[in-house]
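Novice: I'd like to ask some things about the structure below.
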Amino acid sequence: MIILTDVDGVLADFIGELCRCALPNHKPEHFTKWKLEENLGKIDMLYAEQAIRSVGFCEGLKMYPGAKAFLAKLRKKGTVIALTACTPTRHWPGERIEWCVKRGFGRNEISLTPGPLKHIVYGDYLIEDRLDTAIQWQDNNPYGQAILIDRPWNQGQTYAVERVHTYREALDAITAT
Ligand SMILES: [Mg+2]
C-alpha cells in the first residue's frame with residue numbers, strides 16, 4: 001500500500017511556527033483561508049514572507065503533537081511517501097529533504113511536488129490539509145482515498161474526500177478499507 005502524505009499542515013506545524021517567529025499577534029486559528037495573503041494585512045504578509053524565506057525556517061519546523069507517533073503507525077500500514085511542495089527559494093528544497101530524512105523518510109521516499117501537480121502522483125491514500133488539492137487528487141485517483149486533516153484553513157465541502165479531526169481518525173480511515 002502506498003500512503004502519500006503532505007508535510008506542512010499535516011506533519012509540520014508551519015502556521016504555528018510562522019505565528020511564533022513572525023506574527024506574535026496571530027494564532028493558527030485565525031488562518032481560515034489557505035492563502036496566507038487572504039488572512040494577513042500587507043505589513044504582516046511582508047513579515048511572514050521574510051520568515052518563510054529565511055534560511056533555517058523550513059528545516060526548523062516542529063512536528064504537531066502526536067505527528068511522530070502517527071508517522072510510525074502509518075509506516076506499519078504501508079510505504080509512506082512525503083508529497084510536499086516547496087516555496088520558491090534556493091534553500092527550501094534541500095531543507096525540506098533534510099527535514100524529512102531526520103524523521104525517517106528515505107531519500108527515495110520524498111517527492112517535491114507543487115500542489116497543482118500532486119494529483120498526478122499515484123497512491124492508495126493521500127493525507128493532505130489543502131482542500132482543493134485533496135479534491136483534485138481524489139477526482140484523479142478514484143481507486144484511492146484522500147484524507148483531509150481538519151484545519152482552520154480547509155473548512156468547506158469535501159465531496160468524496162474524507163475529513164478527519166485527529167491522527168487516530170486518519171489511521172482508522174486507512175484501516176477501514
Ligand atoms: Mg499542506
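The values are calculated or read from the model by the stated rules, or taken from the named source; none is laboratory data. From a predicted model like this one, the values you see are computed outputs, not experimental measurements. Counting neighbours? That spans all protein chains shown, and the Cβs are built from the backbone with ideal geometry, glycine included.
Novice: Only one of (1) at pLDDT 95 or above; (2) under 18 Å from residue 16 (Cβ atoms) is not met by residue 111, so which one is it?
Specialist: (2)
Novice: Also, I was wondering about something else. Quick check on residue 41: is it closer than 21 Å to residue 167 by Cβ and among the small types (Gly, Ala, Ser)?
Specialist: Spelling it out, it is not the case that residue 41 is closer than 21 Å to residue 167 by Cβ and among the small types (Gly, Ala, Ser).
Novice: Which of the residues spanning the range 138-152 are under 14 Å from the mean Cα position of the chain (by Cα) and crowded, with 19+ Cβ neighbours inside 10 Å?
Specialist: Within the range 138-152, 146, 147, 148, 149, 151 qualify.
Novice: Output the residues belonging to the range 101-129 that are closer than 23 Å to residue 165 by Cα, in contact with a strand residue (DSSP E or B) (Cβ under 8 Å, 6 or more places away or on another chain) and not acidic (Asp, Glu).
Specialist: Correct list: 103, 118, 123, 125, 126, 127.
Novice: Looking only at the range 140-177, which residues are of a type in the set (Lys, Arg) and outside any strand (DSSP E or B)? Steps first, please.
Specialist: Initially, the range 140-177 is screened for residues of a type in the set (Lys, Arg), giving 151, 163, 168.
Within the range 140-177, 151, 168 qualify.
Novice: OK, next. Failed condition for residue 25, given (1) away from the ligand (no atom under 16 Å from the Cβ); (2) over 24 Å from residue 147 (Cα atoms); (3) modelled with pLDDT of 95 or more; (4) not charged (D, E, K, R), with all others met?
Specialist: Just one mismatch for residue 25, condition (3).
Novice: Any idea which of (1) charged (D, E, K, R); (2) over 21 Å from residue 103 (Cα atoms); (3) without any contact (Cβ under 8 Å) to a residue 40 or more places away in the chain is the one residue 76 doesn't satisfy?
Specialist: (2) is the only condition that residue 76 fails.
Novice: Restricting to helices (runs of 4 or more DSSP H) lying wholly in the range 1-120: which have 2 or more residues that are crowded, with 19+ Cβ neighbours inside 10 Å and either under 14 Å from the mean Cα position of the chain (by Cα) or outside the structural domain of residue 145 (by TED's automatic domain parsing) (or both)? Talk me through it step by step, then tell me what you get.
Specialist: Numbers: elements: 14-22, 42-53, 67-77, 92-102.
Answer list for the range 1-120: 14-22, 67-77, 92-102.
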